[in-house]
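The values are calculated or read from the model by the stated rules, or taken from the named source; none is laboratory data. Here the structure is a predicted model, which means the values were calculated and not measured. Backbone-built Cβ (ideal geometry, glycine too); neighbour counts: all protein chains shown.
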Amino acid sequence: MSCTSKLDEDTDTLTFSIVGYFDHQIRPQFSDLLGTQHKHYVIDFAEATAIDSAALGMLLMLKERTDEQDNTLALHNAGGKILRVFEISNFDKLFQLTHD
């Protein structure tokens, strides 16, 4: 499990990329993400392998914050098991899902 973040200053888009299992161990880096102020947020799941309920909770917290601040949030490149978890939990209706 690891993660990286990248800021596109031209569009004020922060992309947070997950590698491996997205679980509670990412909470410190995710908390840092919650402390930022950008117009657009993208959580990239291209290299993520699985997700747990703690991670779903973190995504809900970020969604609440971006909605309050009139920012955008997209869950990007979710596929396989992760997409299935999003569908079962109705995240596919709650979040904008995007793909390359």
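At-a-glance table
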quantity: Filtered residue count, region 30-62, keeping only those that are surrounded by 19 or more Cβ atoms within 10 Å (Cβ to Cβ) and among the charged types (D, E, K, R); calculated: 1
quantity: Cross-chain or 6+ apart pairs with Cβ under 7 Å, region 51-80 first and on the phi > 0 side of the Ramachandran plot, then surrounded by fewer than 16 Cβ atoms within 10 Å (Cβ to Cβ) and part of a strand (DSSP E or B); calculated: ASN77/ALA46
quantity: Region 1-15 residues that are without any contact (Cβ under 8 Å) to a residue 24 or more places away in the chain, paired with ones that are among the hydrophobic types (A, V, I, L, M, F, W, C) (beta carbon under 6 Å, 6 or more apart); calculated: SER2/VAL19
quantity: Options ALA55, ALA48; residue that is among the aliphatic types (A, V, I, L, M) and touching a Gly at 6+ places or on another chain (Cβ under 9 Å); calculated: ALA48
quantity: Sole residue being of a type in the set (Val, Ile, Thr) and loosely packed, with under 15 Cβ neighbours inside 10 Å, chosen from THR15, THR72, THR66; calculated: THR72
quantity: Helices (runs of 4 or more DSSP H) wholly inside region 1-95 that include at least 2 residues being at pLDDT 95 or above; calculated: 53-68, 80-88, 91-94
quantity: Selection status of LEU83, within 17 Å of PHE22 (Cα to Cα) and in contact with a strand residue (DSSP E or B) (Cβ under 7 Å, 6 or more places away or on another chain); calculated: no
